[in-house]
Amino acid sequence: MLKKQIITGLALLILGTSLFADEAYDVIKKSSTLEAPDTSQAIMLLTNIEKNGNEEHRQMNQYGRKVNGLVQTVFDFRSPAAYKDTRVLQLEKDVREDDRWIYQPKLKQVRRIPMGERYKQFVGCEFTYNDMGVRKVDEDKHELLEKNVKVTVPGGRTYTCWKIKSVPLKKSEVEYSYRVQYIDTESYLPAKIEYYDKKDQNRIMKTYTTENWVPLTSKSGKKYTMRMKARMVNNITGRQTVIDIKDPLMDAGISAGYFTQQYLSSGKAK
């Protein structure tokens, strides 16, 4: 009888672990595949804040669309003068790594961003190129750590979250050892993400927070959840970057010409 109880207990433990793993995967999958508009446009205000409080402000236009369910995005810097006309194009791919290109006006050339550089800062801010792209659910192993965790972010908003550990299967492609994601149970957006250092896996190297999201209705009448303000803090240096979204426009149509290398170099979408 004792042996049977032990075997039954082990079976329940294994089953419980499996269910937890499945729940973590399902939550992250839903979070990463939230319905997005067919097209989008917005102004993005990017503020770098140094540890001493000094601020640097940048503005860029963002254009996005979906093609066969895959996301294509362009970031077009409009100010300050030092970054004006810098443009980045990201094309999500289904079965291979995403394509990313950058146009640097001083060099007057379009350059592909190789995988080995995508952990670097996105045009000098605390977000990386990886952070600005789409990470696929199957690129990580997910483990549910805790449910109904209360998370309060800068600005005072409090979320109720799943706490999930996500370990990359290919660690050479990212700048961190693993992430702990706090996924809001209402919106399925990440309320907070902690990135742990490769050299010291107990140290949080940077922290992402979603400070504001709102429900919006597009031109076509569809309803979406839009992140309006997000922050990335470098826990090691104290530097941080805040992104504010202004004047979002969704499902209003957009020229395919934006999503080409020609637009990167010319700034004209034909």
Taking only the alpha-carbon positions of the chain as identical scatterers, the Debye log10 I(q)/I(0) at q = 0.07, 0.08, 0.09, 0.14 Å⁻¹ comes out as -0.28, -0.36, -0.45, -1.07
Neighbour net charge for Glu211 - beta-carbon separation under 13 angstrom, K R +1, D E -1 = +3
GluC sites (Glu not before Pro) within region 150-201: which are DSSP loop residues with at most 15 other Cβ atoms inside 10 Å?
-> Glu186
What is the distance, in nm, between label points placed 7 Å from the Cα along the Cα-to-Cβ direction at Thr185 and at Asn68?
-> 3.9 nm
Kindly give the semi-axes, whole Å and largest first, of the ellipsoid equivalent to region 69-117, taking each as the square root of 5 times a Cα gyration tensor eigenvalue.
-> 23, 13, 7
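How high is the relative contact order of the chain, given as a whole-number percent (alpha carbon pairs under 8 Å, six or more residues apart)?
Values: 576 pairs, mean separation 51.4, N = 270.
Across the chain, relative contact order equals 19 percent.
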Rounded to the nearest 500, the 222 nm mean residue ellipticity computed for the chain from DSSP H runs (n ≥ 4, each -39500 (n - 2.57)) alone is -4500 deg cm²/dmol
Treat each spin label as a single point 7 Å out from the Cα along the C-beta direction, and report the Glu35 to Lys246 distance in nm.
-> 3.0 nm
On a 0 to 90° scale, report how tilted helix 2-32 is relative to the longest principal axis of the chain, with both axes built from alpha carbons and the result rounded to the nearest 10.
-> 10 degrees
Which percent of the accessible heavy-atom area of region 116-169 goes to carbon and sulfur, probe 1.4 angstrom?
-> 46 percent
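The values are calculated or read from the model by the stated rules, or taken from the named source; none is laboratory data. Quick caveat, the model's predicted, so the values are computed rather than measured. Glycine gets a Cβ as well: all are built from the backbone with ideal geometry, and neighbour counts include every protein chain shown. When the accessible area is computed, the model is the full protein with side chains, heavy atoms only, and any ligands, DNA or RNA have been set aside. Shrake-Rupley method; radii C 1.70, N 1.55, O 1.52, S 1.80 Å.
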